Amino acid sequence: MDLETALAGISGILVTPFDEEDTVAPAKLAPIIDRALVAGVHMPVVNGNTGEFYALTTHEAVEMVHAVTNLVDGRAPVLAGVGRGIHDAIHLAHESAKAGATAIMVHQPPDPFVSPRGMVEYLKRIADAAQGLPLMLYLRNDAIGTAAIAELCTVEGVKGVKWATPNPLKLSDAINACDPGITWVAGLAEVWAPALYSVGARGFTSGLINVWPERSVAICDALSAGDYTKANALIADMRVFEDIRADEMGGTNVTGVKSALKMQGLDCGDVRPPGAWPLTLTQHAKLKSFMQDNGLLAGTTEPKNVRTHAQT
């Protein structure tokens, strides 16, 4: 599968597993990656925010990108996240290329003094370190403005933008201001995908793929066919999961995913602070009910009312 096709599909943001000593344990991802790829997820993503990127050391992030590319083993493109200080980002971009990643996702710097022109320089240096790999921008803050976004998109190698703000009109402006060859990906998961698709986004990011990849693929198929009614119905049935992840100012984003995996017998460890861990009793009860209702608990039958990609 080529990168353009993968970007227009599902970018599945993998969790980062930890063992009992809070050490990264990437081998725990094997069944999660296998299940996602069998279901039809287009592109696994390592070192994304659902992967607790900012809670990892750079050394751990390097270990994760090498491990994930080995686990995927050429079955799909791999998107590798890089970011933080410029030298950490350069090192991680170089190691991601060395590991065999297909493309680099550049996290938007959280530095309190980031400037639009500084962002361009940041991106250019990462591009140099990426040894020719395509780049995907990860924009969580559109306050830099359309002109600055358009300038970032002129940096050589930029092929996609993960748009992670709930502003469809600003996304439309950015799409119109940039090269038509750039793929704009809905970066707020399934719930926001229809709204962002309506103004030109294609593909979406997903943390649900760790737990229920068949549902993500069904939503993607419906959106690709222009069937917004079906897509919205499928999203409504998994909304409880995303609402739990959005609790506590988003602090339970990864907590919801790892808690669901534990219910499936796929223990990927705790969430590192400042993320919340564990779920509250109320959150846990809601999640368990959601998992039971959809046949997602360990030892239950296949999820109801879904088809794998191979069956569509």
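Computed from the coordinates by the stated procedures, all read-outs in this text should not be read as laboratory data. Remember, it's a predicted structure, so these values are computed and weren't measured experimentally. Heads up, the Cβs are rebuilt from the backbone with ideal geometry, glycines too, and the neighbour counts pull from every protein chain shown.
Quick notes on this one:
- Taking 4.7 Å between beta carbons as the limit, the unpaired Cys residues of the chain are Cys220, Cys268.
- Rg/Rh (Cα only; Kirkwood hydrodynamic radius) as it applies to segment 211-255: 1.07
- The chain: DSSP helices with Cα axial extent of at least 27 Å and average Kyte-Doolittle hydropathy no lower than -0.5: none
- Rg/Rh for segment 110-195, where both radii come from Cα atoms and Rh is the Kirkwood radius: 0.95
- Within-14-Å neighbourhood charge of Ser11 [Cβ basis; K, R +1; D, E -1]: +1
- Reducing segment 135-157 and segment 163-225 to their Cα centroids gives an inter-centroid distance of 16 Å.
- Ordering 100-109, 164-173 by mean Cβ neighbour count within 10 Å, with the highest value first, yields 100-109, 164-173.
- Rg and Dmax [Cα atoms of segment 46-112; Å; Rg one decimal, Dmax integer]: 11.1, 39
- Per-selection Rg to Rh, segment 159-248 - Cα, Kirkwood hydrodynamic radius: 0.97
- Pairs of C-alpha atoms in the chain farther apart than 29 Å represent 31 percent of all such pairs.
- In this structure the amide hydrogen of Val158, modeled in the peptide plane, comes within under 5 Å of the amide hydrogens of Leu135, none closer than 5 places in sequence on its chain.
- Of all the options Thr50, Thr146, Thr23, the one that moves most in a Gaussian network model of the chain with Cα springs shorter than 10 angstrom is Thr23.
- For segment 1-47, the spread of Cα positions along the three principal axes, ordered from largest to smallest, is 39, 20, 12 Å.
- For the listed peptides 228-238, 206-216, 178-188, a ranking on the average number of other beta carbons within 10 Å per residue, highest first, reads 206-216, 178-188, 228-238.
- Rg ratio (alpha-carbon, reference 2.2 N^0.38 Å) - segment 52-176: 1.04
- FRET E, pair Ala27, Asn176, Förster distance 30 Å, beta-carbon r, rounded to 0.05: 0.10
- 222 nm mean residue ellipticity, helices alone, for the chain (DSSP H n ≥ 4; -39,500 (n - 2.57); rounded to 500): -13000 deg cm²/dmol
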